[in-house]
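The next block holds one structure in the form of structure tokens; read it before the comments.
Derivation of every value follows stated rules applied to the coordinates shown; laboratory data play no part. These figures come from a predicted structure and were not determined experimentally.
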Amino acid sequence: MIVIRKTKAQSEAPQITDEERSLEVREEIRVILEDLIKRMVIQADSVVVKAEIGAKTTVYRVDCSKECIGYLIGVRGQNIMALRGVVKALAGRHNIRAIIEIPYFSP
């Protein structure tokens, strides 16, 4: 028979609630998304990603300059669809729905 004993450090470790972990995951996704977008566009300084957190859904709003939109969307929307797929995969693993919104500039 094998007996596993917890050390004092393991038993006193602070417990993280599901809500706190969910907020951490959403913030990690925001940072990853912002980093990916900054590497895609010419004016990386103009990119800011904000997260609006709901109960099950998080909306990531991308703010960037007008010149960056073409790089962000890509040919036939391939870049933004790929970003949405990556974010959906990261969030779906934690039962979170994620949406990426990009700014609209009128012609």
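Structural remarks
- Phi-derived couplings, Karplus 6.51 cos²θ - 1.76 cosθ + 1.60 at θ = phi - 60°, listed residue by residue for segment 60-67: 9, 9, 9, 10, 8, 6, 4, 5 Hz, with x used for Gly and Pro.
- Most mobile listed residue (LYS50, LYS88, LYS66) in the chain, GNM with C-alpha springs under 10 Å: LYS66
- Only helical runs count toward this figure. For the chain, summing -39,500 (n - 2.57) over DSSP H runs of n ≥ 4 and dividing by all residues gives -13500 deg cm²/dmol at 222 nm.
- Amide H partners (placed H, <5 Å) of ALA98, local residues excluded: THR58
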